[in-house]
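**Q** Before anything else, here's the structure in question.
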Amino acid sequence: MKRFDLILRGGTVVLPDAVRRLDIGVRDGKIAELAEELDPDDAAASADARGCHVLPGMIDAHVHLNEPGNGHWEGFETGSAALAAGGCTTYLDMPLNGIPPAVTADALRKKAGLARGRSAVDYAFWGGLMPGHVRDLPELAAAGAVAFKAFMSEPGGEEAERFRAVDDWTLYEGMARIAELGGLLAVHAENDAITSGLAVRLKAAGCVSARDYAASRPPEAELEAVHRALFFAERTGCRVHFVHVSTADALLMIDAAKRRGVDASAETCPHYLLLTEADMERIGPAAKCAPPLRGEAERERMWRMLAEGYVDLIASDHSPCPDEWKQLGPGRTFFDAWGGIAAAQSSLELMVSEGVRRGLTLPAIAGLLAERPARRFGLSTKGKIAEGFDADFAVVDLNRSYVLMREQLLQRHKHSPYAGRTIGCKVKETYVRGRRVYAEDRGITEPGHGVQVRPSA
């Protein structure tokens, strides 16, 4: 009997604290052995990774795949295909845009049933916290919710009628209940009174450009909401996670709370590290998001904070929509365009190429993309290349740059703020639990291989 199901041979392997040329032996979906050389006769199959780096597959903790009901925005097949092509091996799907949203155990189970057999990579689900649903939190946790998500500002658009922002009482009561459950609450931290009031004032004055949109969601809106959520977390003992942080001052505020003993974490996204409000103006609605892109000085501050350890993890916040929702025209201004960046396929490549260029080590980048998300969300068998962990790999050619073209994107709608950008590395293959699910020359090779994962105790 063969010792291994697969040997991945000759790659430069990114370990938690080092980078070494190693063979990786895989058995039953797990990493069974790491060695300088393994006998290929000991394996049922082998694959050649020479000339490439082998990173732990990205764990994208923040994506919107919109099923049930809105799979025409993005569904499990197309969304997971894009993620696989980008070296992502596990994603955490947000509760927002499904019909119904995942604020009850029944809705979460319905979503899980739709994902089964349709995702190329592994997945987990967020549950939602919104007014009227605090009582549903225990059943959501029992149904497998990896964590909970709340908005401190209204999501806007059609989905606002289904998934609503929390008021202060719901936030406080929900945090207290989640603390009792030992759970984790993520918050979209923007002060709704500030953002909606500024938007009304600017639109009334005819100020409806990209920069006007950015001005309607200033750093102060983020900072006030972060401060309030940290206060509630400290008082209730709730573990709290801040999604898509866009300002260095918010990172400093979260770090100060950690030093006081608050169990808090901070996520940012590639777009806050690679793009600015000037890019949003140049690119158009494909680069619209909330919080908005900031100025160049703020972007550079974010890189410094990341290098100094203030950022806990990187996620895409892949927020897709039909192409026409990103169009401007008669009667439609920048304020009316859908606010979300679709970038599931590019996150790992962008962070590796730009991170290396800026002096980050590959183990540090892998920590932000894989090990820390796994640890924060309790995915105890994922996130790093070590014996006993899931054989989840991104095989990346660091010596190859390419220009990203829309037709290369596997997501349902082919808009991306990075289209036309030169990216300094390329994912060649992606493995999930030892099975190759994506190859550059073949596309998605195992479209239904992914399974649902749940947080460990």
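The values are calculated or read from the model by the stated rules, or taken from the named source; none is laboratory data. Computed from a predicted structure; not experimentally measured. Using ideal geometry, Cβ is built from the backbone for each residue, glycine included, and neighbour counts are taken over all protein chains shown. Heads up: the accessible areas ignore ligands, DNA and RNA and are worked out on the full protein's heavy atoms, side chains in. Shrake-Rupley method; radii C 1.70, N 1.55, O 1.52, S 1.80 Å.
**Q** Give me the net charge for the shell around ARG435: Cβ to Cβ below 14 angstrom, other residues only, Lys and Arg +1, Asp and Glu -1.
**A** Combined, the nearby Lys, Arg, Asp and Glu give -2.
**Q** Further, regarding this structure: What are the principal axis extents of the Cα atoms in region 66-180, in Å, biggest first?
**A** Here the Cα extents, ordered largest to smallest, are 42, 31, 24 Å.
**Q** Just in region 232-277: which trypsin sites (Lys or Arg not before Pro) are loop by DSSP and have at most 14 other Cβ atoms within 10 Å?
**A** Within region 232-277, the qualifying trypsin sites (Lys or Arg not before Pro) (loop, at most 14 other Cβ atoms within 10 Å) are ARG260.
**Q** Sort all Cα-Cα distances of region 146-286 into consecutive 5 angstrom bins from zero, then give the percent of pairs in each bin up to the one containing the longest distance.
**A** Histogramming region 146-286 at 5 Å steps yields 2, 10, 18, 20, 21, 14, 9, 5, 2, 0 percent.
**Q** Let me ask something else about it. Quick one: net charge around ALA370, please, counting Lys, Arg +1 and Asp, Glu -1 for every other residue with C-beta under 12 Å from its C-beta.
**A** Result for the neighbourhood of ALA370: +1.
**Q** Just to be sure I understand: if I project the alpha-carbon convex hull of the chain onto a plane and average over all orientations, what area do I get in nm²?
**A** For the chain, the mean projected area of the Cα convex hull comes to 20.1 nm².
**Q** On full extension of the chain, what length is gained from ASP106 through GLU296, given 0.36 nm per residue of separation minus the C-alpha to C-alpha distance?
**A** Gain in length upon complete extension: 63.9 nm.
**Q** Around LEU22, with a cut-off of 10 angstrom between Cβ atoms, what is the net charge of the other residues, counting Lys and Arg +1 and Asp and Glu -1?
**A** Within the 10 Å Cβ shell, the charges total -1.
**Q** Please report the antiparallel percentage of the DSSP beta bridges confined to the chain, to the nearest 5.
**A** 50 percent
**Q** How about LYS384: which lysines have a C-alpha closer than 16 Å to its C-alpha, ignoring those fewer than 8 places off in the same chain?
**A** LYS30
**Q** Something else about it: In nanometres, what is the gap between the two model label sites at GLU36 and ARG406, each 7 Å from Cα along Cα-to-Cβ?
**A** If labels sit at GLU36 and ARG406, their model points lie 5.2 nm apart.
**Q** How much accessible area per residue does region 215-283 have, counting only protein heavy atoms and a probe of 1.4 Å, in square angstrom?
**A** 35 Å²
**Q** Here's another thing I want to ask about it. Dipole of the chain (Lys/Arg Cβ +1, Asp/Glu Cβ -1, origin at the Cα centre): which of LEU15, PHE231, CYS269 lies farthest to the positive side?
**A** The residue sitting most towards the positive pole is LEU15.
**Q** Diagonalise the Cα gyration tensor of region 16-77 and give the resulting equivalent ellipsoid semi-axes, square root of 5 times each eigenvalue, largest first, whole Å.
**A** One finds semi-axes of 35, 15, 11 Å for region 16-77.
**Q** How far apart, in nanometres, would the label points at ARG116 and SER456 be if each is projected 7 angstrom from Cα along the Cα-to-Cβ direction?
**A** In this crude label model, ARG116 to SER456 measures out at 2.6 nm.
**Q** What is the Rg over Rh value, at two decimals, for region 265-343, using alpha-carbon atoms and the Kirkwood definition of Rh?
**A** Ratio of gyration radius to Kirkwood radius: 1.02.
**Q** Could you calculate the FRET efficiency of ALA278 with THR381 from 1/(1 + (r/R0)^6), where r is the beta carbon distance between them and R0 is 60 Å, rounded to 0.05?
**A** Approximately 0.90, to the nearest 0.05.
**Q** May I ask which of LYS326/LYS382; LYS288/LYS414; LYS149/LYS288; LYS382/LYS428 have a Cα-Cα span longer than 27 Å here?
**A** Beyond 27 Å: LYS326/LYS382.
**Q** Only bridges with both residues in region 1-136 count here: give the DSSP antiparallel percent, nearest 5.
**A** 45 percent
**Q** Any chance you could run the full-extension gain for GLU154 through LYS258? It's 0.36 nm times the residue separation minus the Cα-Cα distance, nm to one decimal.
**A** 34.7 nm
**Q** What is the magnitude of the charge dipole of region 178-221 about its Cα centre, with +1 placed on the Cβ of each Lys and Arg, -1 on the Cβ of each Asp and Glu, and no other charges, expressed in debye to the nearest 20?
**A** Charge dipole of region 178-221: 300 debye, to the nearest 20.
**Q** Considering the dipole of region 258-343 built from charges on the beta carbon (Lys and Arg +1, Asp and Glu -1) around the Cα centre, which of PRO322, ALA297, GLY340 is farthest to its positive end?
**A** The residue sitting most towards the positive pole is ALA297.
**Q** Using only helices, what value at 222 nm comes out for the chain when you add -39,500 (n - 2.57) per DSSP H run of length 4 or more and divide by the total residues, to the nearest 500 deg cm²/dmol?
**A** Using -39500 (n - 2.57) per qualifying helix, the result is -8500 deg cm²/dmol.
**Q** Same structure again: Treat region 304-360 as a sphere of radius equal to its Kirkwood radius over Cα pairs and apply Stokes-Einstein at 10 °C in a medium of 1.306 mPa s; give the translational diffusion coefficient in µm²/s, rounded to a whole number.
**A** 115 µm²/s
**Q** Amide H of VAL63 versus every other amide H placed in the peptide plane: which residues, excluding those fewer than 5 positions away on the same chain, fall under 5 Å?
**A** LEU92, MET94
**Q** In bins 10 Å wide, starting from 0, what share of all Cα pairs of region 344-419 does each bin hold, as a percent?
**A** For region 344-419, the pair-distance distribution reads 16, 41, 34, 10.
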